[in-house]
Amino acid sequence: MSQKSIAVLTSGGDAPGMNAAVRAVVRSGINMGMKVYGVYRGYNGLLNGDVKEMNLRSVSEIIGNGGTMLYTARSEEFKKKEAQERAADYCRSMGISGVVVIGGDGSFRGAQALTNAGINCIGVPGTIDNDIACSEYTVGFDTAMNTAIDMVDRIRDTAQSHDRCSIVEVMGRRCGDIALQTGISAGATAILVPEVEFNIEKDVISRIINTQKTGKKHFIIVVAEGVGKVNDLAKYIEQRLGIEARATILGHVQRGGTPTVRDRVVASQMGYKAVELLNQGFGNRVVVMRDGKITDLDIDEALSMERVFDMELYKVAMTISI
Ligand code: ADP
Ligand code: F6P
């Protein structure tokens, strides 16, 4: 029987730990007797033939690096059926029978399309936002939260010295997980996320006033990117309460940096599982974490699931950050 060939690509926004996942795919594939290709710049690499065969040493010294050695891209072209057919033809011409796609749910739609075009694809959740409904965890989330809390701790030092209110925007366009966990860890007086409706008077101003009454003079408000408008909120707090307020948008600092142990380990487990699935002849599946265990789901089913925000944890935050 001829040697099986697979490929690996990273797509969408990068996330710390993607390299660990790439490394796991390459090493697991070679260990299982396969030829493994690295595809550069997401789906574009399959359209441009930007592909290189990897060996065990191609992925040396990357497990601790942020970003992705395969680069990443958002490929509008790949959304077209004609491009998907062309990518599948390219894979067939290279003898590539399966592709591991590391990215978010947009990337999984691409993996679904490529599977429909005849190339087995397995998705691995890699995004700092933790916004993939089918998985409790996405590679990069832990590192991003740890970066965010490190920054908020620094902001607290200066907010405390000046008796100020600091409003910090963390990433999460559609998902408040980074904001919630960072907010709890920072003892934020208020946490605003896209999943929970809020009223500025009740959920921010009253909480600051109540905390002021107990003697506190500096405040941290954590706001998810999906809520935004942190500069407006700072101005409103100054006018309404007469305390100095400053807004900070953490931005892309959260997307970089050396991955935490959790991200390296989960990425390694997920990368291994993806290759195991391809080796068993499966396609159109996503590797997920459920009840703390690494398992897999059909992509169609995975993409139809709705994310559930952790309201219990939100309640804990609202109860103790007073
Ligand atoms: P993420 O994977 O982080 O959610 P995007 O939503 O930007 O990021 O998707 C990454 C890439 O996945 C897109 O640029 C495109 O190449 C591919 N993709 C997204 N949606 C589709 C789709 N419906 N069909 C085919 N490919 C898609
Ligand atoms: O990786 C997810 C994410 O960080 C979102 O929270 C954010 O809105 C988006 O990516 C920004 O991505 P980019 O600047 O690469 O378009």
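The values are calculated or read from the model by the stated rules, or taken from the named source; none is laboratory data. Because the structure is a prediction, the values reported are computed rather than measured. Note that we place each Cβ from the backbone using ideal geometry, even for glycine, and neighbour counts take in every protein chain shown. Please note that ligands, DNA and RNA were not included when accessible areas were found on the heavy atoms of the full protein model with its side chains. Shrake-Rupley method; radii C 1.70, N 1.55, O 1.52, S 1.80 Å.
Could you tell me the convex hull volume per residue, in Å³, taken over the Cα atoms of the stretch 142-256?
Spelled out: Cα convex hull of the stretch 142-256, divided by residues, is 86 Å³.
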Over what distance in Å are the Cα centres of the stretch 115-179 and the stretch 1-48 separated? 24
In degrees rounded to 10, the 0-90 angle between helix 105-116 Cα long axis and the longest Cα principal axis of the chain is 20
Give me the distance between the Cα centres of the stretch 231-305 and the stretch 62-84, rounded to whole Å. 17
From DSSP H assignment alone, runs of 4+ in the chain each adding -39500 (n - 2.57), the sum over residues rounded to the nearest 500 puts [θ] at 222 nm at -12500 deg cm²/dmol
Kindly provide the GluC sites (Glu not before Pro) of the stretch 64-116 that DSSP labels as loop, not H, G, I, E or B, and whose Cβ sees at most 15 other Cβ atoms within 10 Å. Glu76
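Could you order peptides 173-179, 244-250, 142-148 by the average number of other Cβ atoms within 10 Å of their residues, highest first?
Descending packing order for the listed peptides: 142-148, 173-179, 244-250.
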Ignoring ligands, DNA and RNA, what accessible area per residue does the chain give at 1.4 Å, in Å²? 44
On a full-extension model of 0.36 nm per residue, what is the gain between Val253 and Thr214, subtracting their alpha-carbon distance, rounded to one decimal in nm? 10.6 nm
Any chance you could give the angle, 0 to 90 degrees and rounded to 10, that helix 230-241 forms with the longest Cα principal axis of the chain? 10
Residue separation times 0.36 nm, minus the C-alpha to C-alpha distance between Arg290 and Asn31: what's the value? 90.6 nm
Compute from the Cα atoms of the chain the Rg and the Dmax, the latter being the longest Cα-Cα distance, and quote both in angstrom. 21.8, 76
